[in-house]
1. Identify, please: which residue in the range A:209-232 is more than 22 Å from the chain's Cα centre (by Cα) and closer than 23 Å to A:K24 by Cβ and is, among those, surrounded by the fewest Cβ atoms within 10 Å (Cβ to Cβ)?
2. For the range A:23-33, check the following and say yes or no: at least one residue is near ligand 1 (Cβ under 8 Å from one of its atoms) and either in the same structural domain as A:L214 (by TED's automatic domain parsing) or among the polar types (S, T, N, Q) (or both).
3. Looking only at the range A:193-203, filter to residues that are within 15 Å of ligand 1 (Cβ to nearest atom) and part of a helix (DSSP H, G or I); which one of those is surrounded by the fewest Cβ atoms within 10 Å (Cβ to Cβ)?
4. Taking the options A:G25, A:G40, name whichever one is buried (at least 16 other Cβ atoms within 10 Å of the Cβ), at pLDDT below 95 and in contact with a strand residue (DSSP E or B) (Cβ under 7 Å, 6 or more places away or on another chain).
5. Any residue in the range A:169-188 that's over 15 Å from A:L124 (Cα atoms): show its pairings with residues that are of a type in the set (F, W, Y) at Cβ separation under 8 Å, as long as the two are six or more apart or on different chains.
6. Specify which of the listed residues (A:I155, A:I206, A:I173) is away from every other protein chain (no Cβ under 14 Å), more than 13 Å from ligand 1 (Cβ to nearest atom) and either modelled with pLDDT of 90 or more or closer than 22 Å to A:N42 by Cβ (or both).
7. Go through (1) away from ligand 2 (no atom under 16 Å from the Cβ); (2) among the aliphatic types (A, V, I, L, M); (3) farther than 23 Å from A:V132 by Cβ and name the single condition A:L145 misses.
8. Would you be able to say whether some residue in the range A:59-78 is surrounded by fewer than 16 Cβ atoms within 10 Å (Cβ to Cβ), among the small types (G, A, S) and either within 16 Å of ligand 2 (Cβ to nearest atom) or more than 27 Å from B:T200 (Cα to Cα) (or both)?
Amino acid sequence: MIDAPFIVEVRNVKKSFKDVHAVKGVSLSIKPGEFVALLGPNGAGKTTLVEMVEGIQNPDEGEIFISGLQWKNNQHELHQLIGLSLQETRFMDKLTAYETMRLFASFYKLDAHRVDEVFALIGLEDKKKAFVDNLSGGQRQRLALGVALLNKPQILLLDEPTTGLDPNARREIWNILLGLKKSQNTSLILTSHYMEEAEYLCDRIIIMDQGTILAQGTLAEILALGGGHRSLDELFISLTGRHLYE
Amino acid sequence: MNKITNHQLYRLVVAHFAEIIREPAVIFWGVIFPILMAWGLGIAFTQKTGVHAKIAIVRTEQTIDGRKSKLFAGLTENGIKKDSSYLVTLKNEKLGDAQLNYFETSSSNAYRLLKKGKVSVIIEDSNRGSKYSFDPSSQDAKAAYQLAADFEQNGTKSYAKMQESIVPLTLKGSRYVDFLIPGLLGMGIMMACCWGISYTIIDRRSKKLLRRMVATPMRKTNLLIALITARFFMNLAEAILLFIFAWIYFDVTIQGSVSALILLFMAGNIAFSGIAILISSRTASSEVGNGMINAIVTPMMVVSGVFFSYHNFPDWAVSVIQYLPLSMIADGFRTIFNEGGTFVDVWREAVILASVGVSTFVIGIKTFKWY
Ligand SMILES: Nc1ncnc2c1ncn2[C@@H]1O[C@H](COP(=O)(O)OP(=O)(O)OP(=O)(O)O)[C@@H](O)[C@H]1O
Ligand SMILES: [Mg+2]
């Protein structure tokens, strides 16, 4: 991997929980600065796949390289390289947003200065002193995004970062992420249930179902598959016989 | 950049400390409740030193005719009369003052008062000398009778004179509160560590906060050490407050070595912190956690002699109980508080407790479920 063209490489990864085959042999590669969306119905295996890339879960089979490194021997370097938000994390209720951010900043040996920068970036400055307990759902998701951005990660892995947000808040987050792409050439893997999010934000859309990749490409490429469809839902029906979302 | 306030261990400790003190229930259960318990039990089980005898007087026909009996002469001279009762105070510096409270009443009422425990002796007053009725198997009644009979015969002088032959032996540390306070201090450590540390870990795991935190360059041991450290300082503050209360209110003192006390206190914290980490090393369910914490904490609370000595258990049981962590802490504290104990007396306990803590910590961390 001398001049690795890919910053993330997933090779034939499988993961089962008892008799549930959550991820059944998935491969994908992501270039620096590329934004990729994972779309698929509940239980498709999106979270499981992303968490394996994040080093939180171990694949049963297959390999994952991030910037040419594997989790087994390079945890410290990889933790510095990635930023993530989980599908559902609740921070400590009795800490303020600012204290929460300071805590996570300290894990990266970052000081108050960087914390202030991130608060400005995510537009949550007026809630610095609010207890996490008292933040709205959307504000908590912004806080989680802020925590993910602290270390200026090269690779962002966001699991449904905008679920439950109002359209304005969602658009604001998209613009923050596009800004990072421009300024820092950040790569992004994002899971989502919103087609317009994938379309607006991502260079490539990967459609997952039952632990496998059904289709991938730009929105236009995917819709052109199998003779042209008007929507992802139509495509999904033609591939699986089921609606993408009921 | 490398200011201490940016260090992850510092931040973790501060965060957990904030979590603890921002929970109002913590102040109640950690600070106020132990003090209330010490106060209630300390009062209930600590004997008052002075004697306070309550006596009913029934006047017979021979005294009602106007001539004073010897007893009434004495009461009129030495007692404070209020309605139909007389209060006589017998003074004695070394024995402590004794108070005799006489109630003049009818015969039937006197027996009613006796049955209710409001008087312990009934005197049938007569010019030919009084008759005393009381239960001879009651130590209180016997003492009241002796004082009352002595007063009738000799007035107040006799009791006051007794002091010449008495050398008061005040045994510090032999009251029930002296036994109780060290036990409560030990119990505080156990409860705070097991509930505080275990609960925080289980809660963070179930919120998926643990997995979020370890998906950073944070050192895993720092997270646990921070929980233990914040908890230690909280426990120290709680212990000091309880001690100050006991010192001011009950005059409980530390007769032995304060540094040995601190050593044992730290060892106790290490022991129960380790146990707490082991308890919470795997589960994400607070019900399971509850059950496990109760299973560890409740037996020790009952058998380890916090409230009453475990030496009433059979010998084979005692040989086990005395090595339970809480027993070692409570016994060690008592040795230092009440028997003037020093390092020599408690270093073994401290070493065992610290080893228990370190080994449970290591096993806990090896089996720990972060995700
Ligand atoms: N820890 C686990 N134990 C057992 N089964 C699991 C576990 N985690 C995930 N699964 C199963 O694996 C499958 C994939 O789950 P996953 O969370 O990856 O789906 P997802 O695509 O993220 O769904 P959603 O859109 O609802 O977030 C599901 O059937 C789920 O029940
Ligand atoms: Mg998911």
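1. Ranking the candidates gives A:G226 first.
2. First pass over the range A:23-33, keeping only residues near ligand 1 (Cβ under 8 Å from one of its atoms): A:23.
Applying the additional criterion that residues be either in the same structural domain as A:L214 (by TED's automatic domain parsing) or among the polar types (S, T, N, Q) (or both) yields A:23.
Yes, the range A:23-33 contains at least one residue that is near ligand 1 (Cβ under 8 Å from one of its atoms) and either in the same structural domain as A:L214 (by TED's automatic domain parsing) or among the polar types (S, T, N, Q) (or both).
3. A:M195
4. A:G40
5. Once the first residue is over 15 Å from A:L124 (Cα atoms) and sits in the range A:169-188, its partners that are of a type in the set (F, W, Y) give A:W174/A:Y200; A:L177/A:F35; A:K181/A:F35; A:S187/A:F35; A:L188/A:F35.
6. A:I173
7. Checking A:L145 against (1) away from ligand 2 (no atom under 16 Å from the Cβ); (2) among the aliphatic types (A, V, I, L, M); (3) farther than 23 Å from A:V132 by Cβ, the one that fails is (3).
8. Looking for residues that are surrounded by fewer than 16 Cβ atoms within 10 Å (Cβ to Cβ), among the small types (G, A, S) and either within 16 Å of ligand 2 (Cβ to nearest atom) or more than 27 Å from B:T200 (Cα to Cα) (or both), one finds at least one in the range A:59-78, hence yes.
The values are calculated or read from the model by the stated rules, or taken from the named source; none is laboratory data. A quick note: this is a predicted structure, and the numbers were derived from the prediction, not measured. We place every Cβ from the backbone using ideal geometry, glycine too, and count neighbours over all the protein chains shown.
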